[in-house]
Amino acid sequence: MRHSLVIVGAGPRGTGLIERIAANAPELYDGSGLDVHLVDPHPPGAGRVWRADQSPLLLMNSHAEDVTMFTDETVDMAGPVNPGPTLHEWAGIDGRTFADRQLQGAYLRWVHEQAVAALPESVTVHHHPRRALRVNGPREGRQQVWLEGRPRPLLADLVVLNLGHLDAELDDEQRDLAAYARTHGLVHLPPDFTADSDLSALAPGEPVLVRGFGLAFVDLMVLLTEGRGGRYDGDTYLPSGREPVLYVGSRRGMPYHSKIGYDWTGERPPLPRFLGPAQIDELLARAEGFDFRRDVWPLVEKELGFAHYHRLFTVHSERTAMSWADFEEKYAVADPDERGVLVASAVPDPGDRLDLAALDRPLEGVRFGSHEEFQDGLRAYVEVDLTRHHDPSHSPDLAVFLGLLSVYGQLVRLGDIGGWWHGFFSYLASGPPGPRLRQLLALSRAGVLRFVGADMEVRAADGVFTASSPTVPGFSVQARALVEARLPEPTVRRALDPLLRELYAEGVAESPDGLLRVDRADGRVLDRSGRPHPRRFALGPHTDGRTPGAFTRPRTGGPAFRQNDATARAALVFLAGLVGRAAA
């Protein structure tokens, strides 16, 4: 009998899993045959987010040289390393290019084809361009995967859920806003994938409130400006006349920090230093559990500070007041208050000191006298950020970025530690390309984009939406359209995905943030008693094992690669065991 593996979700994560199955199969699986069923309404490889039929104006958020689908020797995994080209090597483009998403989709389709071709001859891959509706079956028996429009289920010895980013039900606030919009003839666009949103109702010249200043906002900004015929002449935006006027704010009231625009040179900070496997083991071993703010965040701060100051002292020593050896020795044993005193004495220029709180909330407690004064102030902040992130004399910033990658790779082992850390990481490390922020500045100067401020509040009253912020006391703006420029929260209980809803009703475990809980070792889905399902696995952003960014930078350890490898090996060992029992 041929055995069967069903992979729900054939996007980048599903492709990465197939690549690891192909890499590990020669060692772990010598069965008579295996059917791999890929279930996804979108083409394998690119999936929904990287599909071909989207605007060519939408770009990758990473340099082409920083995007790879292939493992290297820095990945801590049991399986073999199978190297392959980065996006820029495959496409033959400059590594510093921010490629468009259509090109990335073509790369992903090619990687998928290569992974399938590398499978043993006894393995056959079938693509089912449908949605998976539910999974059922006994824990110790074959699973049934029911597909939309298919009367009979797929039979599976194992199921792996690579569901990617998911649509979600509206929360209470969004439901109230949507109902108000319907009653009063307003436009309300809830959290969604911007490329999938119908923006036609946002009328030219009309004010539109936008809540969210991250990557979903950047897509919105592009589609409503260049996407409507506007163009840039250097640093000047030339409107088409079809643009609405965007009033944008968020919790921070700031756009994400620019991608760093120079290359690393010289010695890398020796990471991990203060937050590595030993510290994670100790946290996991605590019988009473741990609190992120109390127990984990101090280690994160110390690690990021170490990365920053290692670079400052070893490369820009003329801006320090003691030797690195002396500073490092004192830094290692100092408590947080003592570290502050040490840094103040050893680093004369406050601009060379790492202040994570100020980076996270630069508008905290800041007030402007008028709306126009705030426009000038925020443009000035973004200009300074752009200049700094493209100036290698500030290379400690790049060291902090490497520290963030190291920290995230360690924190993955702790499971769901709350959405705050994920947002903090994205704000500092996963912001837009520098050219996008220059476009944002040009749009602001042209009056197409207006900044509202931090802790933006939206009220629905008097037949309109009204936005205000404590950043500019007394200022408010009214509009008949509101866009929530962010992705839906990836919670299990509010997911619109029918398969995930069925699993939630069945009793899968939820993390405190509502993510699907999985076994840290191999990705098996956990039930509410903490018991791993022997035949169901899950990988990706809907799980509490989610990893940073959409893709892995070469030579950074790649926690997603490590997870893919562990799941592939566990699946192959299980399937090989079935073959052995059948032969006996």
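The values are calculated or read from the model by the stated rules, or taken from the named source; none is laboratory data. The structure presented is a predicted model; accordingly, all values stated were derived computationally and were not measured. Cβ atoms come from the backbone with ideal geometry, glycine included; neighbour counts cover every protein chain shown. To get the accessible areas, we keep the full protein, side chains included, count just its heavy atoms, and leave off ligands, DNA and RNA. Shrake-Rupley method; radii C 1.70, N 1.55, O 1.52, S 1.80 Å.
Points 7 angstrom from Cα along the Cβ direction at Thr265 and Ala117: gap in nanometres?
It works out to 3.9 nm between the two label points.
Accessible area of the range 216-296 with a 1.4 Å probe: how many percent of it is carbon plus sulfur?
Exposed carbon and sulfur together represent 47 percent of the surface.
What value does the range 248-324 have for Rg/Rh, both radii from Cα atoms and Rh as Kirkwood defines it?
1.09
Could you run the Karplus curve 6.51 cos²θ - 1.76 cosθ + 1.60 with θ = phi - 60° over the range 210-224 and give me ³J(HN,Hα) per residue in whole Hz, x for Gly and Pro?
Result, ordered by residue: 10, 10, x, 10, x, 6, 5, 5, 4, 4, 4, 4, 5, 5, 8 Hz.
Label 7 Å along Cα→Cβ of Arg131; the range 147-166 residues with amide nitrogen under 18 Å?
Only 147-154, 161-166 fall inside the zone, counting backbone N under 18 Å.
Mind ranking 177-188, 245-256 by how tightly packed they are, going by the mean number of other C-beta atoms within 10 angstrom, highest first?
Top to bottom by mean Cβ count within 10 Å: 245-256, 177-188.
On average, how much accessible surface per residue is there in the chain, in Å², for a 1.4 Å probe, leaving out ligands, DNA and RNA?
41 Å²
Hey, can you grab everything whose amide H is under 5 Å from the amide H of His37? Only 5+ residues off in sequence or another chain; H modelled, so Pro and N-termini drop out.
Under 5 Å from the amide H of His37: Leu5, Val6, Ile7, His126.
For the chain, what relative contact order do you get, as a whole percent, if you take Cα pairs closer than 8 Å and at least 6 residues apart?
Relative contact order for the chain comes out at 23 percent.
If R₀ is 56 angstrom, what is the calculated FRET efficiency for the pair Leu578 and Ser317, using the beta carbon separation as r and rounding to 0.05?
Efficiency, from the Cβ-Cβ distance: 0.35.
Full extension from Ala334 to Leu284: what is 0.36 nm times the residue separation minus their Cα-Cα distance, to one decimal in nm?
Contour length minus the Cα-Cα distance gives 15.6 nm.
Order of 86-95, 343-352 by packing, highest average Cβ count within 10 Å first?
86-95, 343-352
Return a whole-number percent for the relative contact order of the range 1-114, with Cα pairs under 8 Å and 6 or more residues apart as the contact set.
Answer for the range 1-114 is 31 percent.
Please give the length that would be gained between Asp94 and Phe424 if that part of the chain were fully extended, namely 0.36 nm times their separation in residues minus their C-alpha to C-alpha distance (nm, one decimal).
115.8 nm
Hey, what's the Cα Rg ratio for the chain versus the globular rule of thumb, 2.2 N^0.38 Å?
1.00
Multiply the residue gap between Trp324 and Ser345 by 0.36 nm, knock off their C-alpha separation, and tell me the result in nm, one decimal place.
6.2 nm
Tell me, what is the FRET efficiency for Leu238 and Arg459 to the nearest 0.05, using R0 = 25 angstrom and their Cβ-Cβ distance as r?
Result of the calculation: an efficiency of 0.10.
Given the DSSP H assignment, sum -39500 (n - 2.57) over each helix run of at least 4 residues in the chain and divide by its residue total; what's the result at 222 nm in deg cm²/dmol, nearest 500?
Taken over the chain, the calculation gives -11500 deg cm²/dmol.
With θ set to phi - 60°, apply the Karplus curve 6.51 cos²θ - 1.76 cosθ + 1.60 along the range 288-297 and write out the HN-Hα couplings as whole Hz, x wherever there is a Gly or Pro.
8, x, 9, 10, 4, 5, 7, 9, 9, 4
For all pairs of alpha-carbon atoms in the range 1-62, what percent lies in each bin of width 5 Å, listed from the first bin to the last filled one?
Cα pair-distance distribution for the range 1-62, in percent: 4, 16, 20, 20, 15, 10, 7, 4, 3, 1.
Which residues does the label zone of Asp53 cover in the range 203-238, counting backbone N under 20 Å from a point 7 Å along Cα→Cβ?
223
Place a +1 charge on the Cβ of each Lys and Arg in the range 486-584 and a -1 charge on the Cβ of each Asp and Glu, then give the dipole magnitude about the Cα centre in debye, rounded to the nearest 20.
Rounded to the nearest 20 debye, it is 240 debye.
Divide, for the range 77-183, the radius of gyration over alpha carbons by 2.2 N^0.38 Å, where N is the residue count.
The value comes to 1.59.
Between the range 1-74 and the range 231-297, how far is it from one alpha carbon centroid to the other, in angstrom?
Measuring centre to centre over Cα atoms gives 26 Å.
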